[in-house]
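Working notes, structure below.
The values are calculated or read from the model by the stated rules, or taken from the named source; none is laboratory data. Not measured: the values here are computed from a predicted model. Reconstructed Cβ throughout: ideal geometry from the backbone, glycine too, with neighbour counts over all protein chains shown.
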Amino acid sequence: MQRGPATLLATVVVLCVCAGGCNSERTKPGAAPKVTSFTLESKLMGRPMFEALATPAGGGKGRTLLVFLHGYGAAPRETLSPAFLAALRRLGDRAPVVFLPEGDTGWWHDNREGPWGSYVLREAIPAALARSGPNPHRVAIGGISMGGFGALDLGRLDAKRFCAVGGHSPAVFARGSPEATFAFDDAPDFARHDLLRLARSRSPYHAPVWIDVGAQDQLRPTATTLARELGAYGADVSFHVWPGSHNGHYWDAHFADYLRFYADACS
């Protein structure tokens, strides 16, 4: 499939669901990535935040930094499944450093629980760059479920910073839905982060955008609408619907696809 400016790819059900099974890699796989943890003393959050890094063999200097946001209630390291790490290893010298900040249940935006969005943009990303040495001009952001919403939201709030933005089964909700009440403080809070409304007037993204969702996922309608609206207003969008639902089996099957997208978009 090819992407182009102002082009929305048609919804496609892809039968090849094994991670990385549809394309051969262009580089020789490296050794296993090194996974480390570190504590960020966040002034904005007022407490220590526990972060994780997956650094490809050979170190992080000059690589892309992929900020990858976890789902609701998860922990950073939980995202680094064997399938994720294997896909990262197969990218060889094209592999990004993957940074996984702590997000708890904060929905990755500033709210009554804390300044989750500001913490990521102003504290966590600079800390990850300083610690692992990637190229500060090649930063991508993506995530799954709650993290998919967070990546799409932060990717538009600081659009010039990111070379790619990805929402994988993104938890994007329609105005008035029960989920919107659950994820946001109140109606004004939701309105400030209503991606569907914002996409109806213009594309807020400067970089290539990826959105995917499982064919049996209850979030498929909103993900489809968001991708269609963004494409209509000039975003460089890749949109995919694959077999599966909202769970780890689906994401494990496609981590290789996700990581190739970030590597290609930020090369």
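Can you confirm whether residue 155 is under 17 Å from the mean Cα position of the chain (by Cα) and either more than 24 Å from residue 58 (Cβ to Cβ) or among the basic types (Lys, Arg) (or both)?
In short, yes.
Report, by residue number, each residue of region 55-78 that is under 14 Å from residue 127 (Cα atoms) and under 16 Å from the mean Cα position of the chain (by Cα).
65, 66, 67
Of the conditions (1) free of Cβ contacts under 8 Å to residues at least 40 places away in the same chain; (2) more than 24 Å from residue 161 (Cβ to Cβ); (3) of a type outside the set (D, E, K, R), residue 126 clears all except one; give me its number.
(2)
With the condition kept exactly as written, say whether any residue in region 8-24 is in a loop (DSSP other than H, G, I, E, B), among the aliphatic types (A, V, I, L, M), at pLDDT 50 or above and in contact with a helix residue (DSSP H, G or I) (Cβ under 9 Å, 6 or more places away or on another chain).
no
Which residue pairs have Cβ atoms closer than 8 Å, lie 6 or more positions apart in sequence or on different chains, and pair a first residue in region 65-82 that is crowded, with 19+ Cβ neighbours inside 10 Å with a second residue that is of a type in the set (Phe, Trp, Tyr) and not in a strand (DSSP E or B)?
66/262; 69/108
Hey, among the residues in region 173-231 that are over 30 Å from residue 138 (Cβ atoms) and aromatic (Phe, Trp, Tyr), which one's surrounded by the fewest Cβ atoms within 10 Å (Cβ to Cβ)?
Result: 182.
Which pairs do you get when a residue that is free of Cβ contacts under 8 Å to residues at least 40 places away in the same chain, found in region 212-229, comes within reach of a residue that is surrounded by 22 or more Cβ atoms within 10 Å (Cβ to Cβ) and part of a helix (DSSP H, G or I), reach meaning Cβ atoms under 6 angstrom, with the pair 6+ apart or on two chains?
229/199
Which condition number in (1) surrounded by 24 or more Cβ atoms within 10 Å (Cβ to Cβ); (2) in contact with a helix residue (DSSP H, G or I) (Cβ under 8 Å, 6 or more places away or on another chain); (3) over 29 Å from residue 217 (Cα atoms); (4) of a type in the set (A, V, I, L, M) is the one that residue 121 fails?
Of everything listed in (1) surrounded by 24 or more Cβ atoms within 10 Å (Cβ to Cβ); (2) in contact with a helix residue (DSSP H, G or I) (Cβ under 8 Å, 6 or more places away or on another chain); (3) over 29 Å from residue 217 (Cα atoms); (4) of a type in the set (A, V, I, L, M), residue 121 misses just condition (1).
Kindly indicate whether any position in region 100-108 is within 30 Å of residue 244 (Cβ to Cβ), without any contact (Cβ under 8 Å) to a residue 24 or more places away in the chain, touching a strand residue (DSSP E or B) at 6+ places or on another chain (Cβ under 8 Å) and not hydroxyl-bearing (Ser, Thr, Tyr). Talk me through it step by step, then tell me what you get.
Residues of region 100-108 within 30 Å of residue 244 (Cβ to Cβ): 100-108.
With without any contact (Cβ under 8 Å) to a residue 24 or more places away in the chain added as a condition, the list becomes 106.
Imposing the further condition that a residue be touching a strand residue (DSSP E or B) at 6+ places or on another chain (Cβ under 8 Å) reduces the set to 106.
Add one more test, that the residue is not hydroxyl-bearing (Ser, Thr, Tyr), and what stays is 106.
Yes - at least one qualifying residue is present in region 100-108.
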